[in-house]
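I have placed the structure first, in the form of structure tokens, so that the comments after it can refer back to it.
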Amino acid sequence: MQKFEPHSYYGGIHPMSIHTILLAPKDRSVRLRVMPEQSNDYRVVVFGAGGVGKSSLVLRFVRGTFRESYIPTIEDTYRQVISCNKQVCTLQITDTTGSHQFPAMQRLSISKGHAFILVFSITSRQSLEELKPIFDEIVEIKGDIENIPIMLVGNKCDEINREVTSEESAQLAKKWNCAFLETSAKTNYNVKELFQELLQLEKRRTMSLQLETKKTRSQKRKEKLKGKCSLM
Ligand SMILES: Nc1nc2c(ncn2[C@@H]2O[C@H](COP(=O)(O)OP(=O)(O)OP(=O)(O)O)[C@@H](O)[C@H]2O)c(=O)[nH]1
Ligand SMILES: [Mg+2]
């Protein structure tokens with residue numbers, strides 16, 4: 001198994017990133033690079049240092065898969081249909097790079113994002129430290145963050161070589177006025193819950209991973225009629 005190395009690619013983009021880009025067009029159904037703006041999109045952005053497991057969490061949630069190998073990301077976006085105010089809406093998840101190579105992309109993602117997932121690895125204190133400037137930038141760009149859903153996430157909680165305690169992370173979350181969860185993309189612990197809780201933090205809309213759309217009049221009529229019919 002490849003080991004977690006938070007800084008291994010800070011000096012440049014790993015050659016495998018190119019591989020990620022080249023593969024993208026083949027996989028258009030889930031990974032879209034150039035997307036038209038949609039008013040009913042709900043945009044979630046995942047930030048964190050390199051190797052903390054951002055892509056693993058997103059892929060576990062979207063596809064139910066996990067890979068042991070480490071392929072650094074530049075930026076990938078995934079889409080899922082969810083329910084928002086009882087209407088169908090698109091949950092757009094942007095998986096960002098941990099390399100700090102593209103500050104302009106980071107700022108753009110923050111300004112476009114509706115909600116944020118800040119991931120660190122419980123095995124790396126440094127990865128928690130690296131979230132602080134990202135949080136500050138969210139505050140700077142968004143201004144009042146009181147109504148912005150933010151989840152602090154301690155990933156890799158299946159690992160035994162812990163450097164950050166849950167209490168410490170919970171305290172930071174309290175200071176930042178955001179929610180906190182420990183997850184494992186590897187064992188699929190708290191992954192769905194992470195996205196569910198994030199959507200529940202959104203107070204301006206009623207969001208849910210389950211599709212429970214408003215029934216149309218004709219649907220209601222059909223259901224009523226069904227109830228009155230009996231087999232002869
Ligand atoms: N033990 C354990 N390993 C994990 C977990 N999540 C991810 N990993 C491993 O950590 C490594 C990095 O995972 P990625 O998901 O690629 O990390 P990332 O944050 O997307 O990294 P960048 O794209 O470079 O920013 C991979 O080898 C994964 O298999 C986890 O929950 N537990
Ligand atoms: Mg990644």
Of those in region 56-80 that are within 16 Å of ligand 1 (Cβ to nearest atom) and in a strand (DSSP E or B), the residue surrounded by the fewest Cβ atoms within 10 Å (Cβ to Cβ) is GLU75
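Report the residue count in region 83-99 for those that are in a strand (DSSP E or B) and within 19 Å of GLN200 (Cβ to Cβ). First the steps, then the outcome.
Residues of region 83-99 in a strand (DSSP E or B): 83-84, 87-96.
In the following step, the residues that additionally are within 19 Å of GLN200 (Cβ to Cβ) were identified as 83-84, 87-93.
Qualifying residue count for the region: 9.
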Under the condition of being within 13 Å of SER111 (Cα to Cα) and in contact (Cβ under 8 Å) with a residue 12 or more places away in the chain, which residue from region 136-162 is surrounded by the most Cβ atoms within 10 Å (Cβ to Cβ)? ILE138
Please give the number of the condition GLN92 fails out of (1) at pLDDT 95 or above; (2) more than 13 Å from ligand 1 (Cβ to nearest atom); (3) within 23 Å of THR187 (Cα to Cα); (4) polar (S, T, N, Q). (3)
Going through (1) closer than 27 Å to TYR42 by Cα; (2) more than 17 Å from the chain's Cα centre (by Cα) one by one, SER184 fails only at (2)
Failed criterion for MET105 (all others in (1) in contact with a Lys or Arg (Cβ under 7 Å, 6 or more places away or on another chain); (2) without any contact (Cβ under 8 Å) to a residue 60 or more places away in the chain; (3) within 14 Å of ligand 2 (Cβ to nearest atom) hold): (1)
One residue from SER83, SER111, SER99 being surrounded by fewer than 22 Cβ atoms within 10 Å (Cβ to Cβ), within 16 Å of ligand 2 (Cβ to nearest atom) and either within 18 Å of the chain's Cα centre (by Cα) or not hydrophobic (A, V, I, L, M, F, W, C) (or both): SER99
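Could you pull out the residue among SER230, SER218 that is in a loop (DSSP other than H, G, I, E, B), among the hydroxyl-bearing types (Ser, Thr, Tyr), out of contact with any strand residue (DSSP E or B) (no Cβ under 8 Å at 6 or more places or on another chain) and modelled with pLDDT under 80?
Details: SER218 fails: in a loop (DSSP other than H, G, I, E, B).
The unique qualifying residue is SER230.
The values are calculated or read from the model by the stated rules, or taken from the named source; none is laboratory data. Small disclaimer: the values here were computed from a predicted structure and weren't measured. Neighbour counts run over all protein chains shown; Cβ positions are idealised from the backbone, glycine included.
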